[in-house]
Amino acid sequence: MAQIPTLVPAAELAKRNGMTFPNESADYRRARQALLVEEIELRRHIERVAEQRRALPPGGEVTGDYRFQSERGPVDFDGLFGDKQTLVIYSYMFGPQRERPCPMCTSLLSAWDGEARDMEQRIALAVVARSPIERLVAFKNERGWRHLKLYADIDGGFSRDYHGIDKDGGDDAAINVFTRRDGVIRHSWAGEMGFESADPGQDPRGAPDLMPLWTVLDMTPEGRDSHWYPKLDYPD
């Protein structure tokens, strides 16, 4: 069994910080050092959660005969893996009943498009929606996405089983991870934080947040603002 390393207390690590900035006050520096301690503890907690996620027992075997349409033609579930052993699927809220796709999903995927080739060095990444592939590709081109792989869920079977459809039959965003080991495909993990687990005054979001937008805004004095959301288009 691997030995768990002894960690230096976060407060001690924070004391090693030698950074200061022009004209800052003593009050600012004291508060910033206290915040640094919490940031170190947060980093450690994020890693503990990631370790716990990786240590989950094997999930349920994927037995559904799921069929998708890609830009290059039909593909089965195994085909989504390509040559990788782990597959991440994002369920995109862009079903046939929608005139335009979900702005929040679109903002997330716009960020992921720039990272897709890096992600795919280690995993397979698929974006699944219930609209016909022609509609998905048309919006992909409109948005200028170059690297995301989009798939139409032909009969909605995958979306129904893996929470891409809500209880009223509408779209729901979902993130699911699958593994392929020794020829067996299993569910590994999914985002399960929603409205029912949201804290007062906060959006229902996962931890860590999937959207780089919110990560950056959380660093600012204005924060993310629970009343502001991305839009598909902005005035020039």
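The values are calculated or read from the model by the stated rules, or taken from the named source; none is laboratory data. As the structure is a computational prediction, the values presented were derived from the model and not from experiment. Cβ placement follows ideal geometry from the backbone for every residue including glycine, while neighbour counts extend to all protein chains displayed. The accessibility values were calculated without ligands, DNA or RNA, using every heavy atom of the protein model including side chains. Shrake-Rupley method; radii C 1.70, N 1.55, O 1.52, S 1.80 Å.
Ignoring any ligand, DNA or RNA, what whole percent of the accessible area of region 152-216 comes from carbon and sulfur when the probe is 1.4 angstrom?
Numbers: 2010 of 3880 Å².
Reported share for carbon and sulfur atoms: 52 percent.
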> Hey, how many Å between the Cα centroid of region 75-119 and the Cα centroid of region 157-236?
Replying inline: 12
> In nm, what is the difference between 0.36 nm times the number of residues separating Met19 and Arg160 and their Cα-Cα distance?
Replying inline: 45.6 nm
> Residue-wise, which Karplus ³J(HN,Hα) couplings in Hz belong to region 84-99, taking 6.51 cos²θ - 1.76 cosθ + 1.60, θ = phi - 60°, and x for glycine or proline?
Replying inline: 9, 9, 10, 10, 10, 10, 9, 8, 8, 7, 8, x, x, 7, 8, 6
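What does the charge add up to near Gly201, with Lys and Arg as +1, Asp and Glu as -1, over the other residues with Cβ less than 15 Å from its Cβ? Don't jump to the answer; show the numbers that get you there.
Working: positive: Arg205, Arg224; negative: Asp199, Asp203, Asp218, Asp225.
For residues surrounding Gly201, the net value is -2.
Counting other C-beta atoms within 10 Å, and keeping those with at most 13, which DSSP coil trypsin sites (Lys or Arg not before Pro) do you find in region 75-169?
Counting only loop positions with at most 13 other Cβ atoms within 10 Å, the trypsin sites (Lys or Arg not before Pro) in region 75-169 are Arg122, Arg146, Lys167.
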>> Quick check for me: using +1 on Lys/Arg Cβ and -1 on Asp/Glu Cβ, what's the dipole size of the chain about its Cα centre, in debye to the nearest 20?
In response: 640
> In deg cm²/dmol and to the nearest 500, what is the mean residue ellipticity at 222 nm of the chain if only DSSP H runs of at least 4 residues count, each as -39500 (n - 2.57), divided by the residue total?
Replying inline: -10000 deg cm²/dmol
>> Can you give me the % of accessible surface on region 1-105 that is carbon or sulfur? Probe 1.4 Å, all protein chains present, nothing else counted.
In response: 56
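Of the trypsin sites (Lys or Arg not before Pro) in region 1-80, which ones lie in a loop per DSSP and count no more than 14 other C-beta atoms within 10 Å? Could you put the intermediate results ahead of the total?
Numbers: sites: Lys15, Arg16, Arg29, Arg30, Arg32, Arg43, Arg44, Arg48, Arg53, Arg54, Arg67, Arg72; in loops: Arg16, Arg72.
Passing both the DSSP loop test and the Cβ count: Arg16, Arg72.
How much accessible area per residue does region 1-147 have, counting only protein heavy atoms and a probe of 1.4 Å, in square angstrom?
Numbers: 9590 Å² over 147 residues.
Result: 65 Å² of accessible area for each residue.
In a shell of Cβ-Cβ distance under 12 Å around Ala138, excluding Ala138 itself, what net charge do Lys and Arg (+1) and Asp and Glu (-1) give?
On the way: positive: Arg100, Arg135, Lys140, Arg143; negative: Glu71, Glu134, Glu142.
Net local charge, Ala138 excluded: +1.
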> What is the gain in length, in nm to one decimal, between Arg30 and Val184 on full extension, counting 0.36 nm per residue of separation less the C-alpha to C-alpha distance?
Replying inline: 50.1 nm
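Over region 148-236, with the other protein chains present, what is the accessible area per residue in square angstrom, probe 1.4 angstrom? Don't skip to the end; give the middle numbers.
Working: 5820 Å² over 89 residues.
Counting only protein heavy atoms, the per-residue value for region 148-236 is 65 Å².
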> How big is the accessible area of Met219 in square angstrom, nearest 10, if you roll a 1.4 angstrom probe over the protein chains?
Replying inline: 150
> Roughly how many debye, to the nearest 20, is the charge dipole of region 21-72 about its Cα centre, given +1 on each Lys and Arg Cβ, -1 on each Asp and Glu Cβ, and no other charges?
Replying inline: 80
>> Just checking my list [x] 38, 20, 15; [y] 27, 19, 17; [z] 37, 24, 16 against semi-axes √(5λ) of the Cα gyration tensor in Å computed from this structure; which label fits?
In response: [z]
> Taking R0 as 35 Å, what's the FRET efficiency between Gln97 and Glu196 from their Cβ-Cβ distance, rounded to 0.05?
Replying inline: 0.90
